[in-house]
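For reference, the structure discussed in these notes is given below.
Bear in mind these aren't lab numbers, they're just calculated from the coordinates by the rules spelled out. Note that the structure is a prediction, hence the values are computed from the model and not measured. Neighbour counts are summed over all protein chains in view; Cβ atoms, including those assigned to glycine, are modelled from backbone coordinates with ideal geometry.
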Amino acid sequence: MFTMRRISMLFLLAAAAAAQTGKLGIFTNSADVGAPAIKGSAEFDAAKAQYRITGSGANIWGTADQFQYVWREIAGNFTATATVQFVGQGAEHRKAGIMVRQSLDADATYADIMIHGNGMPGLQWRNRKGDDTNTFDLPFDKPATYQVKLVRTGVKIFMYLSKDGSEPKLINNTEVSFQNPVLIGLAVCAHDAAASETALFSNVSVEPQAPPAGKK
Amino acid sequence: MPAANSDTISGMRKLVLVWLLASAAWGQMGKLGAFTNSEDIGAPPLKGAAEFDPASGQYKITGTGSDIWAKADQFHYVWREMTGDFAVTATAKFLTEGIAHRKAVIMLRKTTDTDSPFLQLAIHGDGTPSMQFRNNKADITNTIDFPTEGPGIWKLKLQRQGTNITVWIAKDGAPLRELGETIKQMGSPILVGLGVSSHSQEALNTVLFSDVSVEIVKPASAGAGKK
């Protein structure tokens, strides 16, 4: 009985480990959103725990988006982190960052923290399917590697940021109403339907908020 | 003799100058200073008020109303109409205690309708700065809240250049620091002014706005405002 338990426990642990370091690391799916003309791609390097994501697409903006998305489903509150670094040159406003999204529809409700190619960080969101995109862009000086953290607490989406490898600092928050479950993941957009851009994501984590004590 | 002559001329000059200054001051500082109108938006049950003191250049604005939030607003608004690109600065001090989220704002507003599109830089009574906006008439309100720094005297600056709207804040005499910018198509003409909401229909809150300026600024460089 004891052995059986141990075996089934090991099996469960192994399965959990496999799920965590699957083909896409902690995520389960990757796809182009908004059918860009040039196909994107995503690779997870398990040894480096690094995601290499290539995306095309006109933009994540206005009333419809085009980009490459790597995601998993999640319900409730969570914290997602990533270190975001662009590879190569591209449009000033190419984007890489963390996105929470209602669905894979091109005009879905979303909120994201995007780092632009020129170094400008922005908190951007679409309140309702098919609505216009809202943005709040931060002051910046030059391109950089950023540590990005997105926290969802109810309707609040918090943006944390740092540049020098230090702990990300709270910058601001907005409010966006999602239905559970949502998609949480990484996004790359070239800001040019005729181009492809690549970004590297490391130190990536998605942590659900622990359920309240005493409640299962 | 020449001395007397010169005195007369100098006296004349001085008179003309005083007259010119007075008329300029009068033009810029009517009953409501840099602004032309003052009213309660959204018909709150209590009445708000606004006073301008030309000697100190200060505006004392008393506002009531449930909030500037969601799909309709209640607050006291002191405004003028403007077109094109401009910057507004004001230093806000709450003179009365009240609800943590009572608001003092610099606001751009399409109309005086309660559910009009608007964009504002707000300082809350508890010292939380926010930029908030309603994109379409009767739409919900969006917010970007910044970390609370505690109650104080807050200098606020909001600048519009084309579709770029940039905001700055400073607490207790510190130099202005830029929070960031958004992109909004608000059009011209637009109402530009100061507002106060008590965040309660049963309360009145008074805010003293000093060092208020409304300046025309140069248009943004080409390409700005494009995402």
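Before moving on, here are some points about what is shown:
- Backbone amide hydrogens, once placed in the peptide plane, bring A:GLN50 within less than 5 Å of A:ASP45, excluding anything fewer than 5 places away on its chain.
- Under the simplified labelling scheme, the B:ASP139-A:ALA91 pair shows an inter-label distance of 2.2 nm, with each label point 7 Å from Cα along Cα→Cβ.
- The 3J(HN,Hα) values that the Karplus relation (6.51, -1.76, 1.60; θ = phi - 60°) gives for segment B:145-155 are, in residue order, 9, 9, x, 5, 10, x, x, x, 9, 10, 8 Hz. Gly and Pro appear as x.
- Positive contributions from Lys and Arg (+1) and negative ones from Asp and Glu (-1), summed over other residues with Cβ under 14 Å from the Cβ of B:ASP113, come out at 0.
- Structural descriptor for chain A: relative contact order 28 percent, calculated from alpha carbon pairs under 8 angstrom and at least 6 residues apart.
- Residue by residue, segment B:136-141 carries 3J(HN,Hα) couplings of 10, 3, 6, 7, 6, 9 Hz when phi is fed to the Karplus relation 6.51 cos²θ - 1.76 cosθ + 1.60 (θ = phi - 60°); x denotes Gly or Pro.
- Residues whose amide H falls under 5 Å from that of A:LYS129, counting only those 5 or more places apart or on a different chain, are A:THR109, with hydrogens built in the peptide plane.
- Semi-axis lengths, largest first, of the ellipsoid equivalent to chain A are 29, 20, 18 Å, with √(5λ) applied to each eigenvalue of the Cα gyration tensor.
- Across segment B:190-204, coupling constants 3J(HN,Hα) worked out from phi with the 6.51/-1.76/1.60 Karplus curve, θ = phi - 60°, read 9, 7, 10, x, 10, x, 9, 10, 7, 6, 6, 6, 9, 10, 10 Hz, and Gly and Pro carry x.
- Put simply, the amide H of B:LEU156, placed in the peptide plane, has neighbours under 5 Å in B:ALA90, B:THR91, B:ALA92, leaving out anything fewer than 5 places away on its chain.
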